[in-house]
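Beneath this line is the structure, given in structure tokens, with notes to follow.
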Amino acid sequence: MDTKAFREGFRDGIPIGLGYLAVSFSLGISAKQAGLTPLQGFVTSFLENASAGEYIAFTLIGAGATYIELCLMTIIANARYLLMSCAMSQRFSPDTPMIHRFLVAFDLTDELFGIAIGRPGYLNPYYSYGAFLVALPGWSIGTAAGVIAGNLLPGDIVKALSVSLFGMFLAIIIPPARKDKVVLVLIIISFAASYLCSRLPVIRDISSGTRTIILTLIIAGIAAWRFPPQTEITPENADAQKEQGADV
Amino acid sequence: MSGNIYIYIAIVAITSYLIRVLPLTLIRKPIKNRFIRSFLYYVPYVTLAVMTFPAIIDATATPLAGALALIAGIFMAWKGLGLFPVAIACCIIAYLGGLIF
């Protein structure tokens, strides 16, 4: 048990847990519309841990969808986690016991993936567990509260709280962009492409989860083909960067 | 609701866990292929960037409030502030921006 990493994970998980509380609160409102009880909302959020995926699930459940439809849409809405899981598989030390792979996968979300992958060196599962300890309750309790309270908080506050998630994304992607110009250019291209795809007719009707998958495959694919990283990013030289005081 | 709610919940729980756990547990060795390594290195940045914009301006009371939060967030992250300060500042700016604009 690595208590230092656990505490760091807990600390970094706090903004995530708070953001989750707000986002899942509004998710709870759609769970209520689908006819779920607070406990059912809690259990769904505890077990699925996905905003877009759950939103789609609640919509489908409310509409009385078939089990097959629900399964297929869950795969599509959550397909980006397949990519993140591949990326994470490369950052585990060969010495880390297998059980940690099963446990870390349980709460592999955009934000928890982001903070784990943003740390230098091999993944430390205890860092992730520390973050899970705040993120999981935040997410599940928020959903249950949303079902119970409906619209308790004023809409403006809910909206402002949901921005905390995007602030965290920025804190993850911007510092590396300062050091790696390819990453900087990729972020700008991603912003522009994502904006266009959300506004252009026909394309904008594709769900945002699916758009995220398609854009990720295309942009990261072209970048990997044309601009492979100059220095191979390995846990070893990421550690070296840290020792030089770089803020990875 | 026409199906059984607990079967619905089981389906989303099992499906979403399999998506997350299969690559992590099946890919045990370091991937040697240079393209795949590079691709996986770039994936998180592209995914998070795509999810941030324009979602941030669509999430706030007005697009301008979201744009202000975005610019402030980029600036603070560039200056090396951590997750928590950037996240909180973005919330406050989005809220105030929503009141003013």
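The values are calculated or read from the model by the stated rules, or taken from the named source; none is laboratory data. Predicted model only: the values in this text are computed from it and were never measured. Virtual Cβ from ideal backbone geometry, glycine too; neighbours counted across all protein chains shown. Areas reflect the complete protein model, heavy atoms only, side chains present, ligands, DNA and RNA absent. Shrake-Rupley method; radii C 1.70, N 1.55, O 1.52, S 1.80 Å.
Conditions tested, residue by residue: (1) open to solvent by 30 Å² or more (accessible area, probe 1.4 Å); (2) more than 18 Å from the chain's Cα centre (by Cα); (3) within 7 Å of chain B (Cβ to nearest Cβ); (4) of a type outside the set (A, V, I, L, M).
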{"site": "A:PRO154", "(1), (2), (3), (4)": "yes, yes, no, yes"}
{"site": "A:VAL163", "(1), (2), (3), (4)": "no, no, yes, no"}
{"site": "A:LEU186", "(1), (2), (3), (4)": "no, yes, yes, no"}
{"site": "A:SER190", "(1), (2), (3), (4)": "no, no, yes, yes"}
{"site": "A:SER194", "(1), (2), (3), (4)": "no, no, yes, yes"}
{"site": "A:PRO201", "(1), (2), (3), (4)": "yes, yes, no, yes"}
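Among the residues in segment B:50-72, are any in a helix (DSSP H, G or I), in contact with an Asp or Glu (Cβ under 9 Å, 6 or more places away or on another chain), open to solvent by 10 Å² or more (accessible area, probe 1.4 Å) and closer than 24 Å to A:TRP225 by Cα? Yes.
Which one is nearest to B:PRO63 (Cα to Cα) among residues in segment B:87-101 that are surrounded by 14 or more Cβ atoms within 10 Å (Cβ to Cβ) and modelled with pLDDT under 90?
B:GLY98
Scanning segment B:23-41 for residues that are in a helix (DSSP H, G or I), facing another protein chain (nearest Cβ under 7 Å) and surrounded by 14 or more Cβ atoms within 10 Å (Cβ to Cβ) yields B:PRO23, B:LEU24, B:THR25, B:SER38, B:PHE39, B:LEU40, B:TYR41.
Of everything in segment A:72-103 that is among the β-branched types (Val, Ile, Thr) and more than 7 Å from every other protein chain (Cβ to nearest Cβ), the residue that is most open to solvent (accessible area, probe 1.4 Å) is A:ILE99. Here is a check on your reading of the model: is A:TYR127 among the aromatic types (Phe, Trp, Tyr) and either within 16 Å of the chain's Cα centre (by Cα) or open to solvent by less than 60 Å² (accessible area, probe 1.4 Å) (or both)? When the stated conditions are applied, A:TYR127 passes them. For first residues located in segment A:36-57 and of a type in the set (Ser, Thr, Tyr), partners that are part of a loop (DSSP other than H, G, I, E, B) and lie 6+ apart or on another chain with Cβ distances below 8 Å form the pairs A:THR44/A:LEU36.
Under the condition of being at the interface with another protein chain (Cβ under 7 Å from one of its Cβ atoms) and of a type outside the set (A, V, I, L, M, F, W, C), the residues counted in segment B:83-95 number 1. Checking the stated criteria, B:THR62 turns out not to satisfy the condition of being β-branched (Val, Ile, Thr) and within 7 Å of chain A (Cβ to nearest Cβ). Return a yes/no flag: does segment A:34-47 have any residue that is open to solvent by 10 Å² or more (accessible area, probe 1.4 Å), within 17 Å of the chain's Cα centre (by Cα), of a type outside the set (Ser, Thr, Tyr) and under 28 Å from B:ILE5 (Cβ atoms). Yes, that holds for at least one residue. Among what's in segment A:1-25 and is among the charged types (D, E, K, R) and part of a helix (DSSP H, G or I), pick the residue that is nearest to the other protein chains (Cβ to nearest Cβ). So, considering only residues that are among the charged types (D, E, K, R) and part of a helix (DSSP H, G or I), the one nearest to the other protein chains (Cβ to nearest Cβ) is A:ASP12. Do we have any residue at all in segment A:150-171 that's part of a helix (DSSP H, G or I), under 24 Å from B:ILE19 (Cα atoms) and among the β-branched types (Val, Ile, Thr)? Within segment A:150-171, none of the residues are part of a helix (DSSP H, G or I), under 24 Å from B:ILE19 (Cα atoms) and among the β-branched types (Val, Ile, Thr). Taken together, B:GLY98, B:GLY80 contain a single residue that is of a type in the set (Gly, Ala, Ser), closer than 25 Å to A:VAL23 by Cα and facing another protein chain (nearest Cβ under 7 Å), which is B:GLY98.
Do the conditions hold for A:GLY146, that is, is it in contact (Cβ under 8 Å) with a residue 60 or more places away in the chain, open to solvent by less than 30 Å² (accessible area, probe 1.4 Å) and more than 28 Å from B:LYS29 (Cβ to Cβ)?
Answer is yes for this residue.
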